[in-house]
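Presented below is the structure to which this report refers.
Nothing in this text is a laboratory measurement; each read-out follows from the coordinates by a stated rule. Just so we're clear, the structure is a prediction, and the values are computed from it rather than from any experiment. We place every Cβ from the backbone using ideal geometry, glycine too, and count neighbours over all the protein chains shown.
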Amino acid sequence: MLQRVNPGHKALADYRSIIHRELYEELQELAGRLRGARVLHVNATSFGGGVAEILYTLVPLALDAGLEVEWAIMFGAEPFFNVTKRFHNALQGADYELTIEDRAIYEEYNRRTARALAESGEEWDIVFIHDPQPALVREFSGGLREGTRWIWRCHIDTSTPNRQVLDYLWPYIADYDAQVYTMREYTPPGVELPGLTLIPPAIDPLSPKNMALSRDDASYIVSQFGVDTGRPFLLQVSRFDPWKDPLGVIDVYRMVREEVPEVQLVLVGSMAHDDPEGWDYWYKTVNYAGGDPDIFLFSNLTNVGAIEVNAFQSLADVVIQKSIREGFGLVVSEALWKARPVVASRVGGIPMQITSGGGILIDTIPEAAAACAKLLSDPDFAREMGRRGKEHVRANFLTPRLLRDELRLFAKLLGV
Ligand code: UDP
């Protein structure tokens, strides 16, 4: 029996005043056509990272729209997550030799997951598989039943993949009825994409992570962590992972400090169950910080949950996202939605979030440091930037738009 996640309850009507009217009306219309459709989401973890974050919003909203939605976590244990981490890195371009042992481990957990689905006796109209970890579930379950439509959702950038892993996985992925990518630029070169559908992710403006928090409340929370709220601070919220470059963020902070000596740095990172490298990188970052009392490292294990992330993001003077590779980078939309000025790398989905003056795109550490110093010294510039970024997110990256795109895809696949 696969672990099911209870995602709680949300009501679409609560979003009505935040989003544009046409979007709300289209959602009502799609909901009417899809009422009762049975949808199963499968991913690797219910905790940590962007996919779980999205499902915690999307699943309850789709339920509220009248669909019958379930969210199941595939089987997994450390050996499997070690392999899928290697696959993940390889698909993002890292060197890696695909071994028979790794394939065997990968297939074993996919087979067990597929068997559990088949044995449950439940039937779904749509099975929505997230990322490479459960990508072979479709193959091993034999497609479940005739009418089931299969969607594979890729949340990462596979544009320069390790060929061995791609050649191994892709024949299975091409079998899905739809391959959903955040943007065309992330798709792998030279492969068949029979059902390519482009859907960027989104953030939930009403979740504890993103709901409006007063400056006083945010300040009260942040000060409890020892950060001096009377002095400016830079923030990066990200898993401790080389792709997120926390060491580079420390370099940026050190350069900014030469111009703004009172600046502080806060690094917040959750530890995900499917991320065994996280701890190594956490200690690497702690060492690199070298005992600087103005560098703060927090994680979910030091009580930084959604509300606390919200408080840090709401109060940060500049939010940095110095990723080297990025899927979409939900944290960028989260910061922009809080009207924060954001300084972020020109990678992955970040440029589509930072447009027309809502944030600053950078390519190097000195550029990032110069952008941070400028924002710290020019509050009017920073405020205007934050305002523009927020409006861009309102128009493009809030969950009702994501729900609409997915419901459109379901309706197309089911022919309703
Ligand atoms: N996150 C969090 N606490 C942390 C670090 C990250 O809640 O300490 C959340 C963050 O707010 C965002 C998600 O995890 O919602 C990360 O998604 P993103 O797309 O930025 O990166 P991913 O981890 O999926 O590569």
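Which trypsin sites (Lys or Arg not before Pro) from region 35-133 combine a DSSP loop assignment with at most 14 other Cβ atoms within 10 Å?
Numbers: sites: Arg35, Arg38, Lys85, Arg86, Arg103, Arg111, Arg112, Arg115; in loops: Arg35.
The qualifying sites are Arg35.
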Loop-only chymotrypsin sites (Phe, Trp or Tyr not before Pro) in region 1-69, please: DSSP not H, G, I, E or B, and at most 13 other Cβ atoms within 10 Å.
none
Pair Arg254, Met271: separation of 7 Å Cα→Cβ label points (nm):
2.6
Check: C-alpha center region 345-416 vs C-alpha center region 269-335, spacing in Å is 19
Quick one: net charge around Glu308, please, counting Lys, Arg +1 and Asp, Glu -1 for every other residue with C-beta under 14 Å from its C-beta.
0
Mind giving me the nanometre distance, one decimal, between the label points for Glu185 and Thr229, set 7 Å out from Cα along Cα→Cβ?
3.8
Residue-by-residue Karplus 3J(HN,Hα) for region 188-193, coefficients 6.51, -1.76, 1.60, Hz, glycine and proline x
x, x, x, 10, 6, 10
When we measure straight from the Cα of Lys390, which lysines land under 22 angstrom away, once same-chain ones fewer than 8 places off are left out?
Lys209, Lys322, Lys338, Lys374
If each K or R counts +1 and each D or E counts -1, the residues other than Ala178 whose Cβ falls under 9 Å of its Cβ total +2
Give me Leu91, Leu144 sorted ascending by neighbouring Cβ count inside 10 Å, so fewest comes first.
Leu144, Leu91
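Please sort 297-304, 129-136, 60-67 by packing, taking for each peptide the average over its residues of neighbouring beta carbons within 10 angstrom, highest first. Could the numbers behind the result be given before it?
Working: 297-304: 15.5, 129-136: 24.1, 60-67: 20.9.
In decreasing order of mean packing, 297-304, 129-136, 60-67 become 129-136, 60-67, 297-304.
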Sequence-distant or interchain residues sharing an amide H contact under 5 Å with Phe233, placed H: which?
Gln264, Asp317, Val318
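Please work out the FRET efficiency for the pair Asp378 and Thr302, using the Cβ-Cβ distance as r and a Förster radius of 35 Å; give the result to the nearest 0.05.
For Asp378 and Thr302, the calculated efficiency is 0.60.
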Rank the residues Phe381, Phe81 as a footprinting-exposure proxy: fewest other Cβ atoms within 10 Å of their Cβ go first.
Phe381, Phe81
If neighbour count is taken as other Cβ atoms inside 10 Å, put Thr355, Thr285 in order from fewest to most.
Thr355, Thr285
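When the helix-only estimate is applied to the chain (DSSP H runs of n ≥ 4, each -39,500 (n - 2.57), divided by the residue count), what is the mean residue ellipticity at 222 nm, nearest 500 deg cm²/dmol?
Details: 15 runs with 186 residues, N = 416.
Computed ellipticity for the chain at 222 nm equals -14000 deg cm²/dmol.
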What FRET efficiency, computed as 1/(1 + (r/R0)^6) with R0 = 45 Å and r the Cβ-Cβ distance, is obtained for Ser356 and Arg33, rounded to the nearest 0.05?
0.85
